[in-house]
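Enquirer: Pasting a structure here, questions to come.
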Amino acid sequence: MSQKDSVCSRSYFVVVMVFVHVYILNVLALLLYVYYTSDSVHSPPDSSASTVPGQEANTRRELSEPERGAKLQQDAAFGRLHRLEGIKVGHMQKVNLIPNKVHYLKTLSLKPLLFEIANFLSEEECKVVIHLAKLKGLQESQIMPSDLQQEAIDEMDISKEEIFNLLDYNQDGQLQMKEVLTHTRFGDGVWITPENIREIYTGLKADPDGNGLLSLEEFKQLNTHAFQTYLRQRGVQKTELVRNSKHTWLYQGEGAHQILRTIRHRVIRLTQLPAEIVEHSEPLQVVKYDQGGHYHAHHDSGPIYAETSCFHTKLVTNGSTPLETSCRYVTVLFYLNNVSEGGETAFPVADNRTYNELSLMQNDVDLRDTRQNCKRANLLVKPVQGTALFWYNYLSDGEGLCFVAGSLPHIFIT
């Protein structure tokens, strides 16, 4: 990998992700629920009523703590999850997260609905989190592919015709390179590039006419997992994985370090979600990206398999319903240190009118590849110590009710 290709990821930095699991009542409850209007703690009805530093504005009365708690409980009871208003890109709104201190949310995009909060963590809090992560010990975020993984994949009962039809997105009877690329990042987690595809085609003599397309008959000549097998035989480097980083998880529940508990309570005030939902979320994930580290474009939430759906009725995972999975309603990400260059969080399709993964691959340009095309993303956010990013992983129907079965609105890169 050239130095130019890795400019977006070659600087060392640490980030923390708080993945908030939320649990949504079923569709019937949503249909029966009659939405009621109420005052907004965070946002005025239009941008003229916003409060920005050094500027007075007319804002509606904030709810008291008892009122806010009652409203959140009523929202959760009917399956309605609180959702902040973005208004427009660049909009600023005041939030009270810490006594005697004012924070401002800046809208960075509307799809995904994404906010930036400066000074969300203090320098001392950042240092404590890094220290606790080092004490816990960091491990590789993604292990190298193993023969056991390959054996498990080989045991899947699926024909080559079925695999071909799955890959053939436009159903034209031929596999284009970008159709192959879309489906080769699953399983063992090797990130295959167009150059890899051409190398594999040549090595396996898979494309005798050299047109870059595979017919069904040509595909049948390949081993089901020929691509991954070929790469494994020639050797796979860490830089060729979907994710190249180290991480650990820090417990934030009762009895945890006071600063970790303080951060979780701050997240509750920021998201305006019921405390019991946030308390049942995942622990803090502390991620370290060394020089050359990356995490290619990915969805931050959603069912792992097509047969499953985001359908939440309980605060804990229900093992008796394998076709239902818990999903991340919101993500809060903290930057724990500054960097001199690189390390941006990239949102390749932020505020695109539509999203189609195949459109991200044009010829040899793959916008999902952070090693080569990080700078081409619609939105890049540079790490600043103490700053937080906060975004919703799901769309809303305009009344705070979430779509939990549709397509995800975005992908993002860290």
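The values are calculated or read from the model by the stated rules, or taken from the named source; none is laboratory data. Please read all numbers here as calculations on a predicted model, not as lab measurements. So basically every Cβ, Gly included, is an ideal-geometry build from the backbone, and we count neighbours across all protein chains shown. Protein only, heavy atoms only, side chains kept; ligands, DNA and RNA dropped before computing areas. Shrake-Rupley method; radii C 1.70, N 1.55, O 1.52, S 1.80 Å.
Enquirer: How about the range 79-119: which of its residues are of a type in the set (A, V, I, L, M), over 22 Å from ALA350 (Cβ atoms) and surrounded by fewer than 16 Cβ atoms within 10 Å (Cβ to Cβ)?
Expert: Listed by number, the residues that qualify are ILE98, VAL102.
Enquirer: What helices (runs of 4 or more DSSP H) completely inside the range 187-285 contain at least 1 residues that are at pLDDT 95 or above?
Expert: Details: elements: 194-204, 216-220, 226-234, 258-271, 275-279.
Because the criterion is at least 1 residues that are at pLDDT 95 or above, the helices (runs of 4 or more DSSP H) in the range 187-285 that meet it are 258-271.
Enquirer: Let me ask something else. So for the range 297-305 (the condition being modelled with pLDDT of 80 or more, open to solvent by less than 60 Å² (accessible area, probe 1.4 Å) and not charged (D, E, K, R)), does at least one residue qualify?
Expert: There is at least one residue in the range 297-305 that is modelled with pLDDT of 80 or more, open to solvent by less than 60 Å² (accessible area, probe 1.4 Å) and not charged (D, E, K, R).
Enquirer: Can you name the residue in the range 137-172 that is within 24 Å of the chain's Cα centre (by Cα) and either modelled with pLDDT of 90 or more or β-branched (Val, Ile, Thr) (or both) and, of all such residues, is farthest from GLU217 (Cα to Cα)?
Expert: GLY137
Enquirer: Could you count how many residues in the range 367-406 are at pLDDT below 95, in contact with a helix residue (DSSP H, G or I) (Cβ under 8 Å, 6 or more places away or on another chain) and open to solvent by less than 30 Å² (accessible area, probe 1.4 Å)?
Expert: Count: 4.
Enquirer: Then there is this: List, please: which pairs have Cβ atoms under 6 Å, are six or more places apart or on different chains, and start with a residue in the range 97-123 that is farther than 22 Å from ASN338 by Cβ and end with one that is modelled with pLDDT of 95 or more and open to solvent by 60 Å² or more (accessible area, probe 1.4 Å)?
Expert: Hits for this filter: VAL102/LYS94; THR107/VAL89.
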